[in-house]
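The values are calculated or read from the model by the stated rules, or taken from the named source; none is laboratory data. Everything numeric in this text was worked out from a predicted model, so none of it was measured. Positions of Cβ are generated from backbone atoms using ideal geometry, with glycine treated the same way; all protein chains shown enter the neighbour counts. Note: areas computed on protein heavy atoms with side chains; ligands, DNA, RNA excluded. Shrake-Rupley method; radii C 1.70, N 1.55, O 1.52, S 1.80 Å.
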Amino acid sequence: MVTCSRCSLAHITIAQKVAALRRKTPGWVERAQPLRDQLTGRAREGYKGMMHPCHSLEKAPRNVGASKEVILPPSAVFLSCTTMPDENACFYRTHYDKQGLTRAKLILDSDDATVTTVSRTHQGEDPRAFTFQGRVWVMSNFLYGLTLMDGELSKTYKLHIAGKNIIPLANASHLAFLDLQDLWLMTSCVISSSSHAVCHRRTAVISERTRDGGFGSVWVPRREWHARGGTPGYMYSPNTWFGFGHATARHDSNVHKPFFWRLTISGRSNDVVVLHTDFSMSDMCTLDLCDPTSLIRVAADNEMREERWHMITAESRCAWYFEQDHATRLYDVHSIVTRHSSSL
């Protein structure tokens, strides 16, 4: 297992300064920008200065548990898609060590899957694609500098929410954002014509584990992991959402494991928000760093041609900053999704 103590220490020190700014007056985003740049740069140099086993360019082995391997352009990583009536609209990070998002379309072949580029590249990183009011949107996950963009990457909206790996929850009429780290839900969100997106209500989230268990074959206490966002949220019902996140090991930030989450909203004023998590499927990936990016619906290869939920992941041996073989995979998670829907 790879450990990068030097860059982890740098990350913690600067992240604490940014967290302190978050608790202060409005305008903290602009004030935190230099710290964010410092954090990204120092962590990146710290990683590159270490002689890691993952410096190897050896091809990542196929995962027989995955439905398909997705072929991205060279150096591209982190594909996120949303299912539309006539296509799977996608975005990917154009280069693992640079900022830039490209719009693409996912083509599902009989064996693997490929993407075709649709539009130009725009500044951004680690995209989350989702559908809101019948249109495609994408959230760029700059650390402490989140933005929303329309599906054509033609207009950017500054999202006034702190953090990273924030989860968008959207349907035909409502937009909200969930933070699994600080446990809050931002609702009543509006995308204005003035290049801003603002949420007017914040509600605390109560966390309840549906299943604890372990991470993989070895049981690890839940306190040893940070729960973070992954895919956007999807609706079971108007007040119940689900998705997949990733848990980062406290002892090694190069180890990410996927988990399932379900959110229920109740109360007279929709002020009781409960999060249920299930970590029992965390050993499905074969590489140490496995981030769920989105869910799509894929027609099953049977007579019924039923649509089944599939999860897209971005996987590697360790942090993106290395030149290495980045894997993009598609997993059939329909049984996990339906199992939790039956318990409602």
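What spacing in nm lies between the two simple spin-label points modelled at V272 and I107, each 7 Å away from Cα in the Cβ direction?
5.1 nm
So which of K98/K155; K105/K155; K105/K158; K59/K155; K68/K155; K59/K164 end up more than 27 Å apart by C-alpha?
Pairs exceeding 27 Å: K59/K155; K68/K155; K59/K164.
Using the Karplus equation 6.51 cos²θ - 1.76 cosθ + 1.60 (θ = phi - 60°), what ³J(HN,Hα) coupling, rounded to whole Hz, does each residue of segment 331-336 give in order, writing x for Gly and Pro?
So the Karplus estimates, Gly and Pro as x, are 10, 7, 10, 4, 5, 5 Hz.
Is the C-alpha gyration tensor of segment 89-216 telling us rounded, prolate or oblate? Criteria: a/c under 1.5 is rounded; beyond that, a/b larger than b/c is prolate, otherwise oblate.
Oblate.
Label-point separation (nm) for S335 and E69, each offset 7 Å from Cα along Cα-to-Cβ?
Once both label points are built, they end up 2.4 nm from each other.
Please report the carbon-and-sulfur percent of the accessible area for segment 82-121; probe 1.4 Å, protein heavy atoms only, DNA, RNA and ligands left out.
Whole-percent figure for carbon plus sulfur exposure: 46.
When the Karplus curve 6.51 cos²θ - 1.76 cosθ + 1.60 is applied with θ = phi - 60°, which whole-Hz ³J(HN,Hα) does each residue of segment 103-120 get, with x for Gly and Pro?
7, 8, 10, 8, 10, 9, 8, 5, 9, 9, 10, 10, 10, 10, 5, 10, 9, 5
Using 0.36 nm per residue, how much length does the chain from M84 to E208 gain when fully extended, once their Cα-Cα distance is taken away?
41.4 nm
If we sort 113-125, 233-245 on the protection proxy, mean other Cβ atoms within 10 Å, highest first, what's the order?
The packing order, highest mean first, is 233-245, 113-125.
Per residue, how much space in cubic angstrom lies within the convex hull of the C-alpha atoms of segment 135-186?
75 Å³
With point charges of +1 on the Cβ of Lys and Arg and -1 on the Cβ of Asp and Glu, referenced to the Cα centre of segment 263-344, which listed residue (A300, G267, H310) lies farthest in the positive direction of the dipole?
Result: G267, furthest along the dipole toward the positive end.
Can you tell me the FRET efficiency between H200 and V118 if r is taken as the Cβ-Cβ distance and R0 is 56 Å, rounded to the nearest 0.05?
Efficiency at R0 = 56 Å is approximately 0.95.
Taking only protein heavy atoms into account and a 1.4 Å probe, give the accessible area per residue of segment 261-344 in Å².
40 Å²
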